[in-house]
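Everything below concerns the one structure shown next.
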Amino acid sequence: MADATDSGSKLAALNSTTLGVTMPQITLPDGSKVQTGTVGALLINIRAYNEAHQAGDKDKMAALEEAMRATLPLLHKVGMFDLFRPEEWIAGDNEGRKVVGKMYLEFKSQQ
């Protein structure tokens, strides 16, 4: 349970830093608590990743990959990748979306 709490706290901190505001947790129908703001923060980070990729800023890309990877357990839990399949994220020319799709496939294979 401590791992889930630590993971939730880390995600809350990442979301708050990205969005510039502290986001609350909500309780899902199954009683589990999830951090709000995750999708919004992910979209901002994807945009920043695309800019860093275009500029060739590998350090920024690595930091953003860590932030995007932290969202995967929550997005998996709420069904984001059932609605938008990882293959859809990988297709096309959006580098940030591709990275998220590939990270999710890796995450899923370790479950």
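The values are calculated or read from the model by the stated rules, or taken from the named source; none is laboratory data. In this text the structure is predicted, and so the values were computed from the model without any measurement. Glycine also receives a Cβ, built like all others from the backbone with ideal geometry; neighbour counts cover every protein chain displayed. Heavy atoms of the whole protein, side chains included, go into the accessibility calculation; ligands, DNA and RNA do not. Shrake-Rupley method; radii C 1.70, N 1.55, O 1.52, S 1.80 Å.
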Pick from VAL39, VAL99, VAL78 the residue whose mean-square fluctuation is largest in a GNM of the chain, springs joining Cα atoms under 10 Å.
VAL78
Rounded to the nearest Å, what's the spacing between the alpha carbon centres of the stretch 17-40 and the stretch 49-103? Just the number, please.
19
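Report the gain in length on full extension from GLU88 to GLN25: 0.36 nm times residue separation, minus Cα-Cα distance, nm rounded to one decimal. Please list the in-between numbers first.
Working: separation 63, 0.36 × 63 = 22.68 nm, distance 2.83 nm.
The GLU88-GLN25 span can extend by a further 19.9 nm.
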Find the relative contact order for the chain and round it to a whole percent, using C-alpha pairs within less than 8 Å whose residues are 6+ positions apart.
20
Choice from ASP59, ASP93, ASP30 with maximal GNM fluctuation in the chain (Cα, 10 Å cutoff):
ASP30
Can you give me the accessible area per residue for the chain, using a 1.4 Å probe, in Å²?
61
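Please get the size of the charge dipole for the chain, origin at its Cα centre, with Cβ charges of +1 on Lys and Arg and -1 on Asp and Glu, quoted in debye to the nearest 20. Intermediate results must be reported in sequence, preceding the final value.
Details: 12 positive and 14 negative charges, 24 e Å.
Its charge dipole is roughly 120 debye.
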What percentage of the solvent-accessible surface of the chain, computed with a 1.4 Å probe over protein heavy atoms, is contributed by carbon and sulfur atoms?
55
With unit charges on the beta carbon (Lys/Arg positive, Asp/Glu negative), name the residue among ILE44, GLY101, LEU75 whose Cα is farthest towards the positive pole of the charge dipole of the chain.
LEU75
